[in-house]
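The values are calculated or read from the model by the stated rules, or taken from the named source; none is laboratory data. Just so it is clear, the structure is predicted and the values come from calculations on it, not from any experiment. We place every Cβ from the backbone using ideal geometry, glycine too, and count neighbours over all the protein chains shown.
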Amino acid sequence: MTAATATTMLTGLALILAVIPAGMLLANLRQFRSSPPPPADLPPVSVLVPARNEQAAIGQLIDDVLASEGVDFELVILDDASTDETATIVAAAAARDERVRLVTGRTLPPGWCGKQHACFQLAGAARHESLVFLDADVRLTADAVARGVGFLKQTDVGLASGFPRQETPCFLAWLLLPLIHFVLLGFLPLGRSRLSADPALAAGCGQFFITTKSAYERAGGHAAIAASLHDGIMLPRAYRRTGQQTDIFDATDVASCRMYETSREVFNGLAKNATEGIGSPRTILPFTVLLAGGQVLPTVLLLGWLAGLPSAEWSPVSVALVLLAVGLSLLPRLLAVGRFRQSLISSLLQPLAITVFLFIQWYALSRRCLGLQTSWKGRELAPQ
C-alpha cells in the first residue's frame, strides 16, 4: 500500500465517522421540538425541587415558579442538609405564599446519592398526581411548567424531560456544555426511541423532569436509581425497564440552567456523571473511536495537509475527502448555534471540545478503576 493510498483511506474513515452524527442530527432536528402550547384543562401540579446549599439560586427559582401561568401548583422544596441560607430563604417565601412548602430532608442513608434521596422524599411529600422535578439552578418562563405538563399529557408517556438552554459563565462551560445537544442529537435515534421502550434508547435531562405519581411509583421512582449520580440517563431507563415510554423535548425557549460557575466545577461535574454514560467501561471505546475519529481526526488531517507534510501523500481525492470531513464534523455544532442559542466561536472549536471531553471520560473511568472517591457539594461519592 502506498502512502497516498493510506492517506486516502484515513481521510475516508474520518469522513464516514463524521457523517454519522451529522446525518443523525439532521434527522433529529425535525423531531426534537419545543413543547406546544398546553391544553386548558391541565391537572394541578407539584413542583419539586431538591436543594443543597443553593442560596445563590433558590430565590430566583421560587420567583419563577410562583409566576407560572396556566396551571394550579404547589412548590415543594426540600432542604438537603444545607449549611448556608437555603432553608431560611425558602421558609421566608413559604411565609409569604401558601403555595410554597419547605421540607427538611432526612439523614442520607447508606447506598443513596443525595439528589436521588431528596427527590424520593419530595415525591412522597407531593399532594398532587402530576409531578415536575426541577433543579434549583433552573430558570423558567411563565409558561414553562404548563407546557411541560402539557407535553406529558399530549404524548401520554410515563416520563418526559425538557432540555433547557445551558448558561456558560466560564471557559469550560462555554467549550463543553454545548456538547450536551451534540451527543444527544448526534447519536440517539430519536424516532426509533419513540417507537420502543428499550432502556438502551433512553434519554433525559435531570434538570427538568415531568411525570405522574402512578407512573413514578410503577417505575420504582428514585429508589430504583438510589446510588446513581446521573438521573438524566438512569431515571428514564428505570421507567423503560417497567415497560413505560419516555420522551424528550427542546426546552430552550422556556428554561435555562446555570449548572456551574467555574471551570473546575465543570470538570468535576462532568467527571462525576461520566461513568454512567459515555465513560462507562462498555461504551468508552466505541465512543472514543466515533468522537475522536469523526470530530478530531478531520481537523488534524487538514492541518497536516495545510502544513504540507508530507505533500506527496496527498492526492486530490484525499484533499476533497478531508475538506468534506471537516465540514461535516462542524455542521452539527453550526446548526445548533441558532437553534439552541450557542456560541459560534465555541462551535468552531469542536475538535478541542471533543478532545477535552474525552479526556474527562477517561479520567473518570481511571478513577473508577482505581476505586477513588470524589466529592460533590461536601459529600463523598462512591465510585460508580
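Just one of the listed residues (Leu309, Leu297) is modelled with pLDDT of 95 or more, more than 24 Å from Pro164 (Cβ to Cβ) and not polar (S, T, N, Q), namely Leu297. Determine which single condition Ser196 fails, assuming it passes every other condition in (1) on the phi < 0 side of the Ramachandran plot; (2) touching a helix residue (DSSP H, G or I) at 6+ places or on another chain (Cβ under 8 Å). Failed condition: (2). Confirm whether Ala353 is within 28 Å of Ala6 (Cα to Cα), in a helix (DSSP H, G or I) and either acidic (Asp, Glu) or over 26 Å from the mean Cα position of the chain (by Cα) (or both). The answer is no for Ala353.
Does Arg192 count as of a type in the set (D, E, K, R), part of a loop (DSSP other than H, G, I, E, B) and surrounded by fewer than 18 Cβ atoms within 10 Å (Cβ to Cβ)? No, not satisfied. The residues on offer are Val90, Val132, and the sole one that is over 22 Å from Ala227 (Cβ atoms), outside any loop (DSSP other than H, G, I, E, B) and either within 22 Å of the chain's Cα centre (by Cα) or at pLDDT below 95 (or both) is Val132. Applying the condition of being assigned to a loop (DSSP other than H, G, I, E, B), touching a strand residue (DSSP E or B) at 6+ places or on another chain (Cβ under 7 Å) and not charged (D, E, K, R) to segment 10-44 and asking which residue is surrounded by the most Cβ atoms within 10 Å (Cβ to Cβ) yields Ser35. Among the residues of segment 95-116, which ones are in a loop (DSSP other than H, G, I, E, B) and among the charged types (D, E, K, R)? Once the filter is applied, which keeps residues that are in a loop (DSSP other than H, G, I, E, B) and among the charged types (D, E, K, R), segment 95-116 yields Asp97, Glu98, Arg99, Arg106. On inspection, Ala142 fails the criterion of being surrounded by fewer than 19 Cβ atoms within 10 Å (Cβ to Cβ), assigned by TED's automatic domain parsing to the domain that holds Ala51 and assigned to a helix (DSSP H, G or I). For segment 188-246, the tally of residues that are modelled with pLDDT under 95, over 19 Å from the mean Cα position of the chain (by Cα) and polar (S, T, N, Q) stands at 1. Restricting Gln384, Gln361, Gln342 to residues that are of a type outside the set (Phe, Trp, Tyr), modelled with pLDDT of 95 or more and not in a helix (DSSP H, G or I) narrows the list to Gln342.
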